[in-house]
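One structure coming up, written as C-alpha coordinates, with questions to follow.
The values are calculated or read from the model by the stated rules, or taken from the named source; none is laboratory data. What you see is a predicted model, and the numbers here were worked out from it, not measured in a lab. Positions of Cβ are backbone-derived with ideal geometry, glycine not excepted, and every protein chain shown enters the neighbour counts.
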Amino acid sequence: MYNFFKRLLDIAISLVVLIVLLPLFIPICLILRFTGEGEIFYLQKRLGLNEKEFYIYKFATMLKASETMGTGIYTAKNDERILPFGNFLRKTKINELPQILNILFGHISIVGPRPLIERTYKLYNENDRFIISSIKPGLTGAGSVVFRNEEELLLEAGNDIEEFYKNNITPYKALLEKWYVKNKSFRVDVLIILITAYSIFIKNTKIPWIIFKDLPKLKSTK
(Lines give C-alpha, C1' and ligand atoms only; values in the text may rest on other atoms or scores of the structure.)
Protein backbone atom coordinates (compact mmCIF):
# COMPACT_ATOMS: atom_id res chain seq x y z
CA MET A 1 0.00 0.00 0.00
CA TYR A 2 2.84 2.39 0.88
CA ASN A 3 4.59 1.75 -2.46
CA PHE A 4 1.36 2.21 -4.44
CA PHE A 5 0.47 5.56 -2.91
CA LYS A 6 4.08 6.70 -3.00
CA ARG A 7 4.14 6.10 -6.76
CA LEU A 8 0.90 8.05 -7.21
CA LEU A 9 2.37 10.89 -5.18
CA ASP A 10 5.58 10.81 -7.23
CA ILE A 11 3.60 11.15 -10.47
CA ALA A 12 1.40 13.95 -9.15
CA ILE A 13 4.24 15.97 -7.64
CA SER A 14 6.59 15.51 -10.62
CA LEU A 15 3.91 16.73 -13.05
CA VAL A 16 3.13 19.79 -10.94
CA VAL A 17 6.82 20.58 -10.41
CA LEU A 18 7.57 20.29 -14.14
CA ILE A 19 4.81 22.78 -14.93
CA VAL A 20 5.92 25.17 -12.19
CA LEU A 21 9.61 24.97 -13.13
CA LEU A 22 9.11 25.34 -16.87
CA PRO A 23 9.72 29.13 -16.75
CA LEU A 24 13.04 28.39 -15.01
CA PHE A 25 14.02 25.51 -17.28
CA ILE A 26 13.61 27.46 -20.52
CA PRO A 27 16.20 30.20 -19.79
CA ILE A 28 18.59 27.64 -18.28
CA CYS A 29 18.37 25.53 -21.44
CA LEU A 30 19.04 28.59 -23.59
CA ILE A 31 22.05 29.65 -21.51
CA LEU A 32 23.51 26.14 -21.63
CA ARG A 33 22.89 25.87 -25.35
CA PHE A 34 24.80 29.05 -26.14
CA THR A 35 27.57 28.87 -23.54
CA GLY A 36 30.23 26.34 -22.58
CA GLU A 37 30.16 23.38 -24.95
CA GLY A 38 26.53 23.86 -25.97
CA GLU A 39 25.26 20.78 -24.12
CA ILE A 40 21.96 21.11 -22.21
CA PHE A 41 21.56 17.74 -20.52
CA TYR A 42 23.98 15.23 -19.09
CA LEU A 43 22.86 11.60 -19.02
CA GLN A 44 24.69 9.16 -16.78
CA LYS A 45 24.06 5.45 -16.27
CA ARG A 46 23.04 4.60 -12.70
CA LEU A 47 21.89 1.49 -10.83
CA GLY A 48 18.38 1.53 -9.41
CA LEU A 49 15.81 -0.87 -8.00
CA ASN A 50 17.18 -4.42 -7.95
CA GLU A 51 20.36 -3.05 -9.57
CA LYS A 52 18.55 -2.30 -12.83
CA GLU A 53 20.39 0.22 -15.02
CA PHE A 54 18.83 3.51 -16.09
CA TYR A 55 20.02 6.93 -17.25
CA ILE A 56 19.72 9.85 -14.85
CA TYR A 57 19.06 13.35 -16.22
CA LYS A 58 20.96 16.43 -15.10
CA PHE A 59 21.73 19.83 -16.55
CA ALA A 60 25.21 19.77 -18.08
CA THR A 61 27.71 21.45 -15.74
CA MET A 62 31.08 20.00 -16.79
CA LEU A 63 33.20 19.41 -19.87
CA LYS A 64 31.89 16.57 -22.06
CA ALA A 65 34.94 14.36 -21.53
CA SER A 66 35.23 15.16 -17.82
CA GLU A 67 35.12 11.50 -16.74
CA THR A 68 38.34 10.86 -18.66
CA MET A 69 40.07 13.92 -17.18
CA GLY A 70 41.47 14.89 -13.80
CA THR A 71 39.82 12.99 -10.94
CA GLY A 72 37.54 11.02 -13.27
CA ILE A 73 34.11 10.17 -11.84
CA TYR A 74 34.74 12.10 -8.62
CA THR A 75 34.11 15.83 -8.50
CA ALA A 76 35.60 18.03 -5.79
CA LYS A 77 34.66 21.60 -5.01
CA ASN A 78 36.20 24.11 -7.46
CA ASP A 79 36.98 21.30 -9.91
CA GLU A 80 38.61 22.80 -13.01
CA ARG A 81 36.34 20.72 -15.27
CA ILE A 82 33.22 22.55 -14.07
CA LEU A 83 31.94 25.17 -16.52
CA PRO A 84 31.27 28.73 -15.22
CA PHE A 85 27.46 28.53 -15.39
CA GLY A 86 27.67 24.91 -14.30
CA ASN A 87 29.29 26.04 -11.07
CA PHE A 88 26.20 28.10 -10.24
CA LEU A 89 23.90 25.21 -11.13
CA ARG A 90 25.83 22.81 -8.89
CA LYS A 91 26.01 25.17 -5.91
CA THR A 92 22.27 25.75 -5.99
CA LYS A 93 21.54 22.08 -6.86
CA ILE A 94 19.50 23.31 -9.84
CA ASN A 95 21.51 20.89 -12.00
CA GLU A 96 19.63 18.05 -10.27
CA LEU A 97 16.15 19.29 -11.19
CA PRO A 98 15.83 17.43 -14.53
CA GLN A 99 15.67 14.27 -12.43
CA ILE A 100 12.01 15.18 -12.03
CA LEU A 101 11.73 13.38 -15.38
CA ASN A 102 13.27 10.27 -13.84
CA ILE A 103 10.62 10.43 -11.12
CA LEU A 104 7.83 10.77 -13.68
CA PHE A 105 9.19 7.85 -15.70
CA GLY A 106 9.43 5.68 -12.58
CA HIS A 107 13.22 5.28 -12.47
CA ILE A 108 13.46 6.94 -9.07
CA SER A 109 11.19 8.26 -6.35
CA ILE A 110 11.27 11.64 -4.61
CA VAL A 111 12.82 10.06 -1.52
CA GLY A 112 15.07 7.01 -1.41
CA PRO A 113 18.70 5.89 -1.43
CA ARG A 114 20.76 7.89 -3.90
CA PRO A 115 21.34 5.97 -7.17
CA LEU A 116 25.03 5.55 -7.91
CA ILE A 117 27.12 4.67 -10.93
CA GLU A 118 28.26 1.05 -10.93
CA ARG A 119 31.83 1.84 -9.88
CA THR A 120 30.89 3.69 -6.69
CA TYR A 121 27.92 1.40 -6.02
CA LYS A 122 30.29 -1.59 -6.00
CA LEU A 123 32.19 0.07 -3.13
CA TYR A 124 29.28 -1.03 -0.91
CA ASN A 125 29.72 -4.55 0.42
CA GLU A 126 27.47 -7.27 -0.98
CA ASN A 127 25.02 -7.24 1.93
CA ASP A 128 24.66 -3.45 1.81
CA ARG A 129 24.04 -3.58 -1.95
CA PHE A 130 21.30 -6.18 -1.43
CA ILE A 131 19.51 -4.02 1.15
CA ILE A 132 19.93 -0.66 -0.57
CA SER A 133 18.81 -1.91 -4.01
CA SER A 134 15.70 -3.53 -2.53
CA ILE A 135 13.78 -0.26 -2.85
CA LYS A 136 13.54 2.41 -5.55
CA PRO A 137 16.27 5.07 -5.30
CA GLY A 138 15.41 8.71 -4.78
CA LEU A 139 16.08 12.30 -5.78
CA THR A 140 16.86 12.99 -2.14
CA GLY A 141 17.25 10.88 0.97
CA ALA A 142 19.10 10.49 4.24
CA GLY A 143 22.43 10.01 2.49
CA SER A 144 21.84 12.92 0.12
CA VAL A 145 21.03 15.34 2.94
CA VAL A 146 23.93 14.37 5.20
CA PHE A 147 26.45 14.31 2.33
CA ARG A 148 25.20 17.47 0.64
CA ASN A 149 28.74 18.86 1.02
CA GLU A 150 30.37 15.78 -0.53
CA GLU A 151 32.34 17.86 -3.04
CA GLU A 152 33.87 19.83 -0.16
CA LEU A 153 34.77 16.64 1.69
CA LEU A 154 36.61 15.37 -1.38
CA LEU A 155 38.99 18.30 -1.08
CA GLU A 156 40.54 16.39 1.84
CA ALA A 157 41.31 13.41 -0.36
CA GLY A 158 44.47 14.69 -2.00
CA ASN A 159 45.52 12.57 -4.98
CA ASP A 160 43.68 9.38 -4.02
CA ILE A 161 40.04 10.40 -4.15
CA GLU A 162 38.66 6.89 -4.75
CA GLU A 163 40.43 5.45 -1.70
CA PHE A 164 39.19 8.38 0.40
CA TYR A 165 35.64 7.89 -0.92
CA LYS A 166 35.78 4.16 -0.21
CA ASN A 167 37.08 4.51 3.35
CA ASN A 168 35.52 7.76 4.56
CA ILE A 169 32.24 8.21 2.71
CA THR A 170 30.94 4.84 1.52
CA PRO A 171 30.69 3.12 4.95
CA TYR A 172 28.63 5.96 6.47
CA LYS A 173 26.53 6.55 3.40
CA ALA A 174 25.65 2.84 3.50
CA LEU A 175 24.51 3.19 7.12
CA LEU A 176 22.31 6.14 6.21
CA GLU A 177 20.74 4.44 3.19
CA LYS A 178 20.06 1.27 5.20
CA TRP A 179 18.53 3.40 7.95
CA TYR A 180 16.06 4.76 5.40
CA VAL A 181 15.21 1.31 4.04
CA LYS A 182 14.43 0.19 7.59
CA ASN A 183 12.44 3.29 8.57
CA LYS A 184 10.72 4.31 5.33
CA SER A 185 7.24 5.75 5.76
CA PHE A 186 5.22 8.72 4.54
CA ARG A 187 6.18 10.61 7.72
CA VAL A 188 9.89 10.00 7.15
CA ASP A 189 9.57 10.93 3.47
CA VAL A 190 7.87 14.25 4.23
CA LEU A 191 10.45 15.12 6.89
CA ILE A 192 13.36 14.32 4.55
CA ILE A 193 11.82 16.54 1.85
CA LEU A 194 11.52 19.40 4.37
CA ILE A 195 15.08 18.86 5.63
CA THR A 196 16.33 18.85 2.03
CA ALA A 197 14.66 22.20 1.35
CA TYR A 198 16.07 23.61 4.60
CA SER A 199 19.61 22.38 3.92
CA ILE A 200 19.72 24.22 0.58
CA PHE A 201 19.91 27.47 2.55
CA ILE A 202 21.63 26.27 5.74
CA LYS A 203 24.87 24.36 5.17
CA ASN A 204 26.31 21.83 7.64
CA THR A 205 23.03 21.76 9.55
CA LYS A 206 22.56 19.29 12.42
CA ILE A 207 18.82 19.19 11.90
CA PRO A 208 18.74 15.63 10.43
CA TRP A 209 19.96 14.26 13.79
CA ILE A 210 17.62 16.55 15.70
CA ILE A 211 14.61 15.29 13.76
CA PHE A 212 15.72 11.65 13.55
CA LYS A 213 17.23 10.70 16.89
CA ASP A 214 18.39 7.27 15.68
CA LEU A 215 19.98 8.49 12.45
CA PRO A 216 23.57 7.15 12.31
CA LYS A 217 26.08 9.76 13.40
CA LEU A 218 29.08 10.29 11.18
CA LYS A 219 32.66 10.30 12.28
CA SER A 220 34.93 13.10 11.15
CA THR A 221 36.79 12.39 7.93
CA LYS A 222 39.80 14.31 9.19
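Within the range 206-217, identify whether any single residue is surrounded by 16 or more Cβ atoms within 10 Å (Cβ to Cβ) and at pLDDT below 85, and answer yes or no.
no
Say we look at the range 86-99 and pick out the residues that are at pLDDT below 95 and surrounded by 17 or more Cβ atoms within 10 Å (Cβ to Cβ); which of these is nearest to Leu154 (Cα to Cα)?
Looking at residues that are at pLDDT below 95 and surrounded by 17 or more Cβ atoms within 10 Å (Cβ to Cβ), I get Arg90.
A follow-up question, please. Would you pick out the residues in the range 127-157 that are acidic (Asp, Glu) and either free of Cβ contacts under 8 Å to residues at least 12 places away in the same chain or closer than 19 Å to Val181 by Cα (or both)?
Hit for the range 127-157 is Asp128, nothing else.
Looking at the range 1-56 only, could you name the residues that are among the acidic types (Asp, Glu), assigned to a helix (DSSP H, G or I) and either touching a Cys at 6+ places or on another chain (Cβ under 8 Å) or farther than 22 Å from Ile193 by Cβ (or both)?
Matches in the range 1-56: Glu51 only.
Residues of the range 143-178 being within 26 Å of Leu97 (Cβ to Cβ) and among the aromatic types (Phe, Trp, Tyr), which ones?
Phe147, Tyr165
Only residues in the range 22-38 that are more than 17 Å from Ile82 (Cα to Cα) and surrounded by 13 or more Cβ atoms within 10 Å (Cβ to Cβ) count as the first member; pair them with residues that are of a type outside the set (Val, Ile, Thr) and modelled with pLDDT under 95, Cβ under 8 angstrom, at least 6 apart or cross-chain, and list the lot.
Phe25/Leu97
Moving on to the next point. Counting only residues that are hydroxyl-bearing (Ser, Thr, Tyr) and over 15 Å from Gly138 (Cα atoms), which one in the range 165-197 is modelled with the lowest pLDDT?
Filtering the range 165-197 for residues that are hydroxyl-bearing (Ser, Thr, Tyr) and over 15 Å from Gly138 (Cα atoms), the one modelled with the lowest pLDDT comes out as Tyr165.
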